[in-house]
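The values are calculated or read from the model by the stated rules, or taken from the named source; none is laboratory data. Remember, it's a predicted structure, so these values are computed and weren't measured experimentally. Only protein heavy atoms, including side chains, enter the accessible area calculation; ligands, DNA and RNA are left aside. Shrake-Rupley method; radii C 1.70, N 1.55, O 1.52, S 1.80 Å.
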Amino acid sequence: MASKRDYYEVLGVTRESSEEEIKRAYRKLAFEFHPDRNPDNAEAEAKFKEAAEAYEVLRDQQKRAQYDRFGHQGGDFGAGFSSSEDIFSTFSDIFGEFFGFSARGGGPRPTAGADLRYNLKLSFHDAAKGSEVTLKIPRKAKCPDCGGSGAKPGTSPETCPQCRGTGQVQQSQGFFRIAMPCPRCKGEGTIIHDPCTRCMGQGTVQEVRELQVRIPAGVDTGSRLRLRGEGEPGMYGGPSGDLYVVMYVDEDKTFSRQGQDLVVKVEISVIQAILGDRIEVPTLDGSVPMGIPKGTQSGEVFQLRGLGLPHVSGGASGDLLVEVAVRIPKKINKKQEELLREFERAEEEKPMAKVKKFLDKAAKKVSGE
């Protein structure tokens, strides 16, 4: 009896090869020696089985370790496969990926439900302080009468006799075996003879679901909440999808936003800017006092820490940035004008103003003007 070839040699890989490299090598050989590509070729069939036997051992970490240590004597590695059908059944994932059909048996695979999106419009204040809202979500739901089976209450779907519940029938096309949806059950794997009158055999009905959702403080336009399992129901036992609530925040007349900082603009008079004052500044929670120092210039920004927006993920709040605009009167009376002229003269008579005048005169004399 001829001795077995080394499994690594069979697949054309080394002992240091990764699982993915071993899988890739087997897929290549399975394609080369596939029975549909080599009809009535005993040598190709033998190599097809030999490659499958090698892959069956080397894909399993425990078997591979045992084989690396003891070789073919390390276990019952020589059992092999009795037929190509055994190989297709054992490595259905490989042939499903490469040859275009899925695992046999078991009916349709569980499928997750679709995700849903809900666009939520919020006022600036609700987004800043947080709120609780009621959402009405139109979606599909499992039929309450039939429990999602699609069959009339008291009856059950029957296993399709043509595909035996797999939802697929296999056809040979050229080199490959192609799995096609079963024409009798439309790929469902089951046949409903007496459908549910409420859902018309679909297993789902349309409903409007009300959800109470807490909106965290500090959200902004584009912020997203994910509500797990509140999307469309899954099929064949698959999980429900998720609901994504996307925020759209209205602009505010008083505040603008820079990240988690709030910006507010306040006007002060010329006198307040010159002499200083104490004013009231609006915040999200009412007004707070703020001092205006003497000589404040228009456009100056004062920072009130912690009076901005909270971070959605927690941590310290942002700041309130108060931008000051000095209000210049468009009209003044005679007395006001006289007082301003007097103020202007007083400014000119300041010591530094006199020094400046002297230096200007001296410069003109030097230049000969």
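Hey, which of these cross-link pairs are over 20 Å Cα-Cα: LYS28/LYS49; LYS294/LYS334; LYS265/LYS331; LYS294/LYS331; LYS294/LYS335; LYS121/LYS265?
In this structure, LYS294/LYS334; LYS265/LYS331; LYS294/LYS331; LYS294/LYS335; LYS121/LYS265 lie more than 20 Å apart at Cα.
Can you give the accessible area of LYS23 in Å² (nearest 10), computed on protein heavy atoms with a 1.4 Å probe?
Per-residue accessible area (LYS23): approximately 40 Å².
In terms of modelled amide H atoms, which long-range or inter-chain residues lie less than 5 Å from the amide H of GLY167?
Here the answer is GLY189, since their amide H atoms fall under 5 Å of that of GLY167.
Rounded, prolate or oblate: pick one for segment 268-339, where a ≥ b ≥ c are the square roots of the eigenvalues of its C-alpha gyration tensor, a/c under 1.5 means rounded, and failing that, prolate if a/b is larger than b/c, else oblate.
Cα axes put segment 268-339 in the prolate bin.
Express in whole angstrom the spacing between the alpha-carbon centres of segment 272-310 and segment 209-241.
Using only Cα atoms to place each centre, the spacing works out to 41 Å.
Over segment 111-168, give the accessible area per residue in Å² for a 1.4 Å probe, as an integer.
Per residue, segment 111-168 has 57 Å² of solvent-accessible surface.
Residue by residue through segment 275-289, which ³J(HN,Hα) values in whole Hz follow from phi under the Karplus form 6.51 cos²θ - 1.76 cosθ + 1.60 (θ = phi - 60°), with glycine and proline marked x?
Using θ = phi - 60°, the values come out as 8, x, 5, 10, 10, 9, 10, x, 10, 5, 10, x, 8, 10, x Hz.
Quick one, can you get me the convex hull of the C-alpha atoms of segment 130-228 expressed as volume per residue in Å³?
Looking at segment 130-228, the number lands at 158 Å³ per residue.
With every protein chain left in place, what is the accessible area of GLU280 in Å² (1.4 Å probe, nearest 10)?
110 Å²
Probe 1.4 Å, all protein chains in place: accessible area of GLU20 in Å², nearest 10?
100 Å²
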